[in-house]
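The values are calculated or read from the model by the stated rules, or taken from the named source; none is laboratory data. No experiment lies behind these values; they were computed from the predicted model shown. Cβ placement follows ideal geometry from the backbone for every residue including glycine, while neighbour counts extend to all protein chains displayed. Keep in mind that these areas ignore ligands, DNA and RNA; they rest on the heavy atoms of the full protein, side chains included. Shrake-Rupley method; radii C 1.70, N 1.55, O 1.52, S 1.80 Å.
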Amino acid sequence: MTPMPPTPPAPPKKLKAAQVIRTTKGLAKPAMAPYFFRIVLLLGLEALTGYALSMVFAGLAQRLGLSLTVKVWVYEFDLSAALLSLLGNVLLLPLTLGVTEFLMKAFRRSGPRVADVFLWYADGVHWKRVLEYYVYAVLIGLIAIPLYAVPANWLMETVNAVTTDFGQQMTNGAVSPVIHWSLVDFRAAGVSLLLMLLYAFLCVRLFLTPYYFLDHPEIGPFDAAGRSWRAMRAHTWTFILLILSFIGWFFICTMTMFLAAFYLVPYLRMTLTIYSEYARSADEHSRMVPPADNAPPPEAPTV
């Protein structure tokens, strides 16, 4: 008999965020346990492929002498490598969709196979879906350049300038080295943080897009994005708290020279997969059942 998949956190309204987070994370560990090493393999392959493609296209831009430098206000950014990287993502996207699908099947205990991940490279039907999603991914990538890549690059350069100056003072034997805040344009720093927060909000609201896309072959990525935007409207804050609940793990990764990431990354990805199940089922429930003023409080979900 095929085992029944574990039940995601219950969809009725009024569940406390802490309850949803605790249950979602509690479900993630047993869900990933039977497939842990396969998940590590696939996530490692996805990360290495993405890194290799970014290096290849960055080197290609340099070798071809392509330079598309844009300067607006304090921001200066070479778009050529970024645009080539977006072009190369068409080779990574089938793997990303396959891995996401594998995690969904793992949680549902529907017999995920590593070989099925590569079916997204195998035939015209899958490639048609990949190209549909690629158009959406490129659009998001183009939005990410001004909202994330450019301000993040400027902030990194500013931090490097400040730390380099501080280190130079210590090298020169300064008794009391000081941070030269004159190197920081605080107005630009504020704008940069605001732009990055706006991009983070956009990512949160569109978080469910690949899950809707994979679960509903009859819809396209933009329809899936619309469903995600609507569904996450009621779950944005809980999702943010869920991500923040992993801060302790991020510190552990740093202290262990990122060795803990071999466990954290699969754990995080499975948790996000389970949360996608909860958020989508909650949205469907809220649209099917009209709220009642005298409705009894929902029961706590069981792990």
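At-a-glance table
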quantity: Some residue of segment 90-110 being modelled with pLDDT under 95, under 30 Å from residue 185 (Cβ atoms), touching a helix residue (DSSP H, G or I) at 6+ places or on another chain (Cβ under 6 Å) and hydrophobic (A, V, I, L, M, F, W, C); calculated: no
quantity: Residue 132 vs. criteria in a helix (DSSP H, G or I), modelled with pLDDT of 95 or more and more than 20 Å from residue 273 (Cβ to Cβ); calculated: yes
quantity: All positions within segment 60-102 that are open to solvent by less than 30 Å² (accessible area, probe 1.4 Å) and over 27 Å from residue 220 (Cβ atoms); calculated: 61, 75, 80
quantity: Filter result for residue 35 (of a type outside the set (S, T, N, Q), exposed (fewer than 12 other Cβ atoms within 10 Å of the Cβ) and either assigned to a helix (DSSP H, G or I) or out of contact with any Lys or Arg (no Cβ under 8 Å at 6 or more places or on another chain) (or both)); calculated: no
quantity: Test: residue 17 is surrounded by fewer than 16 Cβ atoms within 10 Å (Cβ to Cβ) and at pLDDT below 95; calculated: yes
quantity: Residues being open to solvent by 20 Å² or more (accessible area, probe 1.4 Å), of a type in the set (Phe, Trp, Tyr) and either in contact with a strand residue (DSSP E or B) (Cβ under 8 Å, 6 or more places away or on another chain) or not in a helix (DSSP H, G or I) (or both) - total across segment 230-260; calculated: 1
quantity: Among the residues listed as 182, 176, 110, the single one being touching a residue at least 24 places away in the same chain (Cβ under 8 Å) and more than 18 Å from the chain's Cα centre (by Cα); calculated: 110
quantity: One residue from 65, 59 being closer than 20 Å to residue 78 by Cβ, in a helix (DSSP H, G or I) and of a type outside the set (A, V, I, L, M, F, W, C); calculated: 59
quantity: Single residue of 65, 44 found to be out of contact with any strand residue (DSSP E or B) (no Cβ under 9 Å at 6 or more places or on another chain) and modelled with pLDDT of 90 or more; calculated: 44
quantity: Candidates 142, 183 - the one that is out of contact with any helix residue (DSSP H, G or I) (no Cβ under 6 Å at 6 or more places or on another chain), open to solvent by 40 Å² or more (accessible area, probe 1.4 Å), farther than 23 Å from residue 270 by Cα and at pLDDT below 95; calculated: 142
